[in-house]
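Here is the structure we will look at.
The values are calculated or read from the model by the stated rules, or taken from the named source; none is laboratory data. These figures come from a predicted structure and were not determined experimentally. As a convention, Cβ positions derive from the backbone with ideal geometry for all residues, glycine included, and neighbour counts pool all protein chains shown. Side chains included, ligands, DNA and RNA excluded: accessible areas come from the protein's heavy atoms. Shrake-Rupley method; radii C 1.70, N 1.55, O 1.52, S 1.80 Å.
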Amino acid sequence: MIIFIHGFGSSAYSTKANQTKEYFQDKEVVLSPSLPYVPHLAIKTLEEIIDYALTKESVHLIGSSLGGFYAIYLANKYNLKAVLVNPAVYADKRLREVEGMATNYYDLSQFEWNASHVKQLEDIVVTKPKNENFLLMLQKGDEVLDYKEALKKLPDAKLILEDGGDHSFTTYKEHLSDIEEFFNS
């Protein structure tokens, strides 16, 4: 099973989630839950899915942006392989900057992001990630996050680094075979 973990204000219906489901449709179950914006609830939801799935099959993670932050925590907790797509490796610091009202990109609903949510992110910071469990996918043109932060946090992870692009990782679909190869290695 592959669990696709969406980013801040996103949903299970993101373009990358849909591309992942389409690519793996005859190969692997891809689950892409729409997660609550409250970090502890999102992590609890993902842990329950992983705990159940691991009784039946192997689990791999793909995390985009904030989902990458969550994937680092979960991959270390469960010793899973994870692909991190333009990950917010310092989400606990970066999302402090956006406290206030935020928008869900799927349905345009509003939610309040506050200091208690940032504290919940601080509770799951991984200081020493197991680099061998990660494939970093970074684009230097990411306008939201500095790709160098991910390189610093995971200097020995497998790496796909591209010039240009943006926070959405514009060539994601072209790398789905690389993701499959990483999970099967």
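A few remarks follow.
- Accessible surface comparison of MET101, MET1, MET137, probe 1.4 Å, protein chains only, largest first: the order is MET101, MET1, MET137.
- In Å², nearest 10: area of ASP156 left accessible to a 1.4 Å probe: 120
- Bridging of LYS153 to lysines at a Cα separation below 21 Å is possible for LYS77, LYS81, LYS93, LYS119, LYS128, LYS130, LYS140, once same-chain residues fewer than 8 apart are set aside.
- GNM top mover of VAL83, VAL126, VAL98 - the chain, alpha-carbon springs below 10 Å: VAL98
- Remark: the GLU174-ASN114 segment gains 18.0 nm on full extension, using 0.36 nm per residue and subtracting the alpha carbon distance.
- Cα centroid separation - the stretch 48-112 against the stretch 150-185, whole Å: 16
- Full-stretch length increase - ASP163, ASN18 - with 0.36 nm per residue and alpha-carbon distance subtracted: 49.8 nm
- When the chain is treated as a GNM with alpha-carbon contacts under 10 Å, the residue of ILE43, ILE160, ILE124 showing the greatest mean-square fluctuation is ILE160.
- Sites VAL125 and LYS27, calculated FRET efficiency, Cβ-Cβ separation with R0 41 Å, nearest 0.05: 0.80
- The smallest convex shape that holds all Cα atoms of the chain, its convex hull, gives 106 Å³ per residue.
- For the stretch 75-122, the Cβ-based charge dipole about the Cα centre amounts to some 320 debye (Lys, Arg positive; Asp, Glu negative; other atoms uncharged).
- Distance (nanometres) between label positions extended 7 Å along Cα→Cβ at TYR105 and ASP146: 2.2
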